[in-house]
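Laboratory data are not the source of any read-out in this text; all were calculated from the coordinates shown. The structure displayed is predicted, hence computed values, not measured ones. As a convention, Cβ positions derive from the backbone with ideal geometry for all residues, glycine included, and neighbour counts pool all protein chains shown.
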Amino acid sequence: MKIYIIFIALLLAATSVMAQDINDAVIAQYRDKSKNAWDKAQKTQTRENWLEAVKYAFVYRELSAINKADEADLNELDKFVKKAQDKVLDEKKWEPVEIIKKRIEDQ
């Protein structure tokens, strides 16, 4: 189930990229989205934000590979994707959805 969530998120992200030409501007756009999602996930530490970080980091990594990035850059991006995936899949860390909804309602 956990892997399916990540896989579906990656498929959704990939379909939005397929409609665009892959050029430096698109890669820069996804680099910025990836960085912003990563920063937000580190700040908020929510599962949803880590899932966004996985999505954008993965798309940025794949676009970089298509654009012939060197192996060192791709390995560095792989580390970010792996770390974000580990955060998403760490079930012990996340509160049940009911508790989160209750906390939001109480605010």
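Filter the stretch 53-91 for residues that are free of Cβ contacts under 8 Å to residues at least 24 places away in the same chain and in contact with a helix residue (DSSP H, G or I) (Cβ under 7 Å, 6 or more places away or on another chain); which is farthest from I22 (Cα to Cα)?
D78
Looking only at the stretch 43-92, filter to residues that are over 18 Å from R31 (Cα atoms) and β-branched (V, I, T); which one of those is surrounded by the most Cβ atoms within 10 Å (Cβ to Cβ)?
Out of the qualifying residues, it is V88.
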